[in-house]
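*Asks:* Handing you this structure, nothing more for now.
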Amino acid sequence: MFGFGKKKIEYVQIDHELLEEIMDIAKESYPNEFSAMLQGKVEDNILKIDGLIFLPGAASESGAVMEIFMMPMLSDAVGSVHSHPGYDASPSTADLQFFSKQGSFHIIIAQPYDLDSIRAYDTFGEPAEFEVV
Ligand SMILES: [Zn+2]
């Protein structure tokens with residue numbers, strides 16, 4: 001499903017507490033976007049995402065994704081998450097460029113910032129599935 005370095009990934013698991021944290025931060029940041037890198041590891045062909053990496057200056061500014069785009073890839077960063085003010089969780093052109101360069105798995109959360117408004121994408125901007133654990 002995904003390539004991640006030399007490892008093949010069959011599916012993605014996200015910790016449910018992490019998703020709740022993402023929803024909370026998205027709500028608190030509104031009307032600004034928030035963005036962070038996703039932290040995780042590959043075990044038995046499963047990409048397990050269990051943390052966020054906040055980058056200095058990347059919070060609460062529109063266009064924050066472009067700022068982290070400039071950051072070197074962090075060793076345990078496997079992708080990204082950012083929020084959209086509004087109800088559309090589709091990736092923008094800038095998002096797609098970012099996805100193609102930074103990591104394998106990307107989350108966009110749109111309003112109302114609940115579980116149903118979370119969308120995940122692969123490095124090509126194609127919808128990606130994940131399992132909540
Ligand atoms: Zn975006």
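*Asks:* What about K8, is it within 22 Å of V133 (Cα to Cα) and modelled with pLDDT under 90?
*Replies:* Yes: the conditions hold for K8.
*Asks:* While we're looking at this one, here's another question. Within the stretch 74-107, take every residue that is open to solvent by 70 Å² or more (accessible area, probe 1.4 Å) and under 16 Å from A26 (Cα atoms) and give me the one that is farthest from the ligand (Cβ to nearest atom).
*Replies:* Filtering first and then ranking leaves Y87.
*Asks:* Working only within the stretch 108-133, note down all residues that are under 15 Å from I9 (Cβ atoms), within 16 Å of the ligand (Cβ to nearest atom) and surrounded by 13 or more Cβ atoms within 10 Å (Cβ to Cβ).
*Replies:* A120, Y121, D122, T123, A128
*Asks:* Name the pairs: first residue in the stretch 33-46 and among the hydroxyl-bearing types (S, T, Y), second residue more than 15 Å from the ligand (Cβ to nearest atom) and modelled with pLDDT under 90, Cβ to Cβ under 9 Å, at least 6 apart or on different chains?
*Replies:* Close Cβ pairs satisfying both conditions: S35/F54; S35/L55.
*Asks:* Also, quick follow-up: Within the stretch 54-74, is even one residue at pLDDT below 90 and under 18 Å from A128 (Cβ atoms)? Explain how you work it out, then say what you get.
*Replies:* Start the filter on the stretch 54-74 by keeping residues that are at pLDDT below 90, which leaves 54-74.
Next, only the ones that are under 18 Å from A128 (Cβ atoms) stay: 65.
Yes: one or more hits.
The values are calculated or read from the model by the stated rules, or taken from the named source; none is laboratory data. In this text the structure is predicted, and so the values were computed from the model without any measurement. Glycine also receives a Cβ, built like all others from the backbone with ideal geometry; neighbour counts cover every protein chain displayed. In case anyone asks, the SASA skips ligands and DNA or RNA and just uses the protein heavy atoms, side chains included. Shrake-Rupley method; radii C 1.70, N 1.55, O 1.52, S 1.80 Å.
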